[in-house]
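First up is the structure itself, then whatever we jot down about it.
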Amino acid sequence: MKRHVRKILLFFTLGLVTTLAVAFVMTLVVDIEQGRPSQAESFVDSSHWTVTRLDRAGAVQITSLRVDGLDLSWGPQQAAGAPNSPTIGDQHTAWASLGTTSPEWLILEYATPVIPRRIDVYESYTPGALSKVTVFDAGGNEIEAWSGVDPTPTTITSGPTPISKIPVSLNIATRKIKLYIASDKVPGWNEIDAVGLISDQGQTQWATRVTASSTYARSYTVSSQIDPAELAPAWSGLRQPSPAMQAGQINREERRVDARGWPLLALYSEIVVPPGQNSGSSNLSVYQLDNSIDLELSGPPGSTTPRTGTLSGFGGTTAITTPKANSPAPVPLRPIWIGLLGDTVFYGLIWFGLWATLVIPRRFVREVARFRRGACIQCGYDLGYDFIRGCPECGWRRDQHTAPAPSRSAISEPVNGDH
């Protein structure tokens with residue numbers, strides 16, 4: 001029994017070593033950029049997710065690009081970052097609400113918690129509607145920091161973008177604030193270009209993530225015929241944004257997974273592409289055509305058929321770049337457990353087949369040859385064809401079950417004096 005267990009462990013180990021070796025060889029010899037490309041994207045509200053996948057035998061590369069708060073014209077994310085609407089007026093580089101008859105709000109998140117001393121609100125169109133400002137503490141509690149009449153007059157209609165400078169006296173560290181806009185009190189679209197958070201050290205931060213009660217950019221969904229999650233298996237970890245993106249610390253991330261192995265993918269590696277690095281040539285472009293948006297998606301490398309769609313109710317032009325694999329695959333070290341186990345069993349069975357093919361027939365021929373010359377078939381010791389008594393050299397057939405029985409005459413022979 002122990003011998004069989006040792007043999008099973010041996011072949012399992014051989015299968016595992018072979019699986020690892022094959023995965024590393026695939027990393028060296030397979031050019032994944034020659035693989036069959038496929039791509040899918042989902043475009044919901046101001047969030048865009050693109051998954052590009054390249055497939056070859058023994059290799060898969062999956063690149064996930066997420067852009068949260070895409071700079072749609074009049075979208076909430078237009079209020080993020082530094083101001084870029086220098087003069088007052090209806091400009092698509094600022095946030096605008098969907099309508100003008102209901103109160104609105106903006107929630108702005110910043111990279112670093114600070115104790116605020118002032119909040120600068122760049123009101124780029126029909127100013128004067130700001131009515132309240134609140135801050136959120138580390139526990140997520142909303143605390144009023146200011147309320148009253150907007151310091152920027154509603155009568156300003158031209159010139160540089162006015163700035164409402166709101167003083168804050170709370171000694172609460174925050175990285176999240178909320179603006180309340182009385183759109184129902186001030187006629188017209190009350191557009192906001194940027195919001196600066198000034199700390200007690202005099203440093204200014206600009207919002208990295210913005211959520212709005214509504215937006216003139218309107219909520220819409222554009223997606224490919226397949227869900228990007230279908231191209232990103234569960235083991236890749238790409239179906240969910242990174243913790244930093246979920247926390248709002250970043251609004252763009254690009255991650256790439258490279259998996260190797262045959263017949264199943266067994267090992268993978270992951271890299272995070274630094275922001276600003278040009279990693280692709282395919283792009284998604286949005287072109288303005290007569291109060292509508294024409295959406296054109298050129299496919300990944302190797303694709304010749306672009307996908308197009310039309311979005312209405314927007315203005316302006318924006319573009320994002322989808323990823324292209326153009327760097328050497330890093331060494332795969334993370335296991336894909338199902339594939340690793342499957343390949344290990346597969347190669348273990350191959351090793352067992354080779355052993356059975358080479359060893360068993362050879363042993364059979366050797367034992368037949370020893371038997372024919374009257375030797376022990378296990379060690380080759382010359383038994384003179386006396387196979388019944390077994391082998392005194394190695395003990396073959398010399399246990400209690402195979403020892404020769406005493407003769408009948410020895411049992412029935414009378415002892416002296418008995419009759």
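The values are calculated or read from the model by the stated rules, or taken from the named source; none is laboratory data. Values in this document were obtained by computation on a predicted structure and should not be read as measured data. Cβ sites come from the backbone with ideal geometry, for glycine too, and all protein chains shown count toward neighbours.
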Checklist outcome for this item: The condition from (1) at pLDDT 85 or above; (2) within 57 Å of the chain's Cα centre (by Cα); (3) aromatic (Phe, Trp, Tyr) that residue 381 misses is numbered (2)
Item to check | Members of the range 61-75 found to be assigned to a loop (DSSP other than H, G, I, E, B) and surrounded by fewer than 24 Cβ atoms within 10 Å (Cβ to Cβ), listed by number | outcome: 70, 71, 73
Checklist entry - Of the residues 215, 152, 134, which is modelled with pLDDT of 95 or more, polar (S, T, N, Q), outside any strand (DSSP E or B) and crowded, with 17+ Cβ neighbours inside 10 Å? => result 152
Item to check | Unique residue being at pLDDT below 95 and over 22 Å from the mean Cα position of the chain (by Cα) when the list is 65, 10, 16, 20 | outcome: 10
Checklist entry - So which of 161, 174 ends up being in contact with an Asp or Glu (Cβ under 8 Å, 6 or more places away or on another chain) and either over 25 Å from residue 86 (Cβ atoms) or of a type in the set (A, V, I, L, M, F, W, C) (or both)? => result 174
Next on the checklist: Filter the range 185-211 down to the residues that are among the basic types (Lys, Arg) and part of a strand (DSSP E or B) and list them by number.
Outcome noted: 209
Checklist entry - Going through the range 139-149 one residue at a time, which ones are part of a strand (DSSP E or B) and either touching a residue at least 60 places away in the same chain (Cβ under 8 Å) or within 28 Å of residue 91 (Cα to Cα) (or both)? => result 146, 147
Next on the checklist: Here is a check on your reading of the model: is residue 113 out of contact with any Phe, Trp or Tyr (no Cβ under 9 Å at 6 or more places or on another chain), in a strand (DSSP E or B) and either of a type in the set (Ser, Thr, Tyr) or touching a residue at least 60 places away in the same chain (Cβ under 8 Å) (or both)?
Outcome noted: yes
Checklist entry - Of the residues 234, 194, which is at pLDDT 90 or above and surrounded by fewer than 14 Cβ atoms within 10 Å (Cβ to Cβ)? => result 234
Item to check | Members of the range 230-264 that are more than 28 Å from residue 107 (Cβ to Cβ) and more than 8 Å from the chain's Cα centre (by Cα) | outcome: 230, 231, 233, 234, 235, 258, 259, 260, 261, 262, 263, 264
Next on the checklist: Exactly one of these conditions fails for residue 100: (1) at pLDDT 90 or above; (2) crowded, with 20+ Cβ neighbours inside 10 Å; (3) closer than 18 Å to residue 212 by Cα. Give me its number.
Outcome noted: (2)
Item to check | Number of the exception - residue 42 against (1) farther than 30 Å from residue 73 by Cβ; (2) in contact with a Phe, Trp or Tyr (Cβ under 7 Å, 6 or more places away or on another chain) | outcome: (1)
Checklist entry - If residue 228 satisfies every condition in (1) crowded, with 17+ Cβ neighbours inside 10 Å; (2) within 29 Å of residue 145 (Cβ to Cβ) but one, which is the exception? => result (2)
Item to check | In the range 237-249, the residues that are exposed (fewer than 15 other Cβ atoms within 10 Å of the Cβ), at pLDDT 85 or above and of a type in the set (Gly, Ala, Ser) | outcome: 244
Item to check | Considering residues of the range 163-177 that are under 33 Å from the mean Cα position of the chain (by Cα) and crowded, with 18+ Cβ neighbours inside 10 Å only, the residue nearest to residue 90 (Cα to Cα) | outcome: 177
Checklist outcome for this item: The one condition residue 78 fails out of (1) touching a helix residue (DSSP H, G or I) at 6+ places or on another chain (Cβ under 6 Å); (2) surrounded by 21 or more Cβ atoms within 10 Å (Cβ to Cβ); (3) modelled with pLDDT under 95 is (1)
